[in-house]
Amino acid sequence: MPAGGDVVTKHGARTVAETVASLVELIRARELRLFALIDQREEARSVGLELRDTVLVLFGSPAAGTPIMSAAPLAALDLPLKVAIWDDGVRTCISYVSPHAIAERHHLSPDLAGPLAGLDAITDALLVA
């Protein structure tokens with residue numbers, strides 16, 4: 001479901017921590033590279049602030065991303081892929097910039113844009129209880 005234009009948000013049944021763990025497993029199973037896990041709630045706490053449970057996951061494939069950035073250097077602003085997993089107070093949300101939006105923004109050919117579409121399948125897999 002689009003939220004804020006190019007952002008897709010899906011709702012999962014698991015906790016933020018369980019969803020993050022599942023995403024990490026999927027990333028590893030697909031032999032993608034996990035670049036970073038940023039626990040934004042913990043970072044907020046480290047400076048005396050409160051934030052809802054929010055984790056940013058950065059991941060991708062250098063083999064797929066390098067040709068994209070070679071063709072469109074500003075694609076580096078969107079790569080590696082980023083998924084925000086956060087608690088909206090009722091359920092866990094899984095949000096990311098749509099692969100279609102990234103491809104359009106950087107005028108990617110279908111061949112270059114193709115691997116980005118896997119993001120939808122990966123996030124769909126997180127919805128299984």
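The values are calculated or read from the model by the stated rules, or taken from the named source; none is laboratory data. Note that this is a predicted model, so its numbers are computed, not measured. In this analysis, Cβ positions are derived from the backbone assuming ideal geometry, glycine residues included, and neighbour counts consider all displayed protein chains. Ligands, DNA and RNA are stripped out before the accessible areas are found, and what is left, the full protein with its side chains, is counted by its heavy atoms. Shrake-Rupley method; radii C 1.70, N 1.55, O 1.52, S 1.80 Å.
Figures for the structure shown
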| read-out | value |
| --- | --- |
| Given (1) in a helix (DSSP H, G or I); (2) surrounded by 17 or more Cβ atoms within 10 Å (Cβ to Cβ); (3) polar (S, T, N, Q), index of the condition residue 70 fails | (2) |
| Residue in region 73-101 that is surrounded by the most Cβ atoms within 10 Å (Cβ to Cβ), counting only those that are in contact (Cβ under 8 Å) with a residue 60 or more places away in the chain and β-branched (Val, Ile, Thr) | 85 |
| Neighbours by Cβ (under 6 Å, 6+ apart or cross-chain): first from region 107-124, at negative phi; second open to solvent by less than 60 Å² (accessible area, probe 1.4 Å) and aliphatic (A, V, I, L, M) | 112/68; 113/103; 115/64; 116/102; 119/81; 122/26; 123/94 |
| Region 102-129 - residue that is closer than 14 Å to residue 82 by Cα and not charged (D, E, K, R) and, of those, most open to solvent (accessible area, probe 1.4 Å) | 117 |
| Single match in 52, 33, 41 (criterion: within 19 Å of the chain's Cα centre (by Cα), closer than 16 Å to residue 119 by Cβ and modelled with pLDDT of 95 or more) | 33 |
| Region 1-17: number of residues that are open to solvent by 60 Å² or more (accessible area, probe 1.4 Å), assigned to a helix (DSSP H, G or I) and touching a residue at least 40 places away in the same chain (Cβ under 8 Å) | 0 |
| Residues within region 19-65 that are open to solvent by less than 30 Å² (accessible area, probe 1.4 Å), of a type in the set (Ser, Thr, Tyr) and not in a helix (DSSP H, G or I), tallied | 1 |
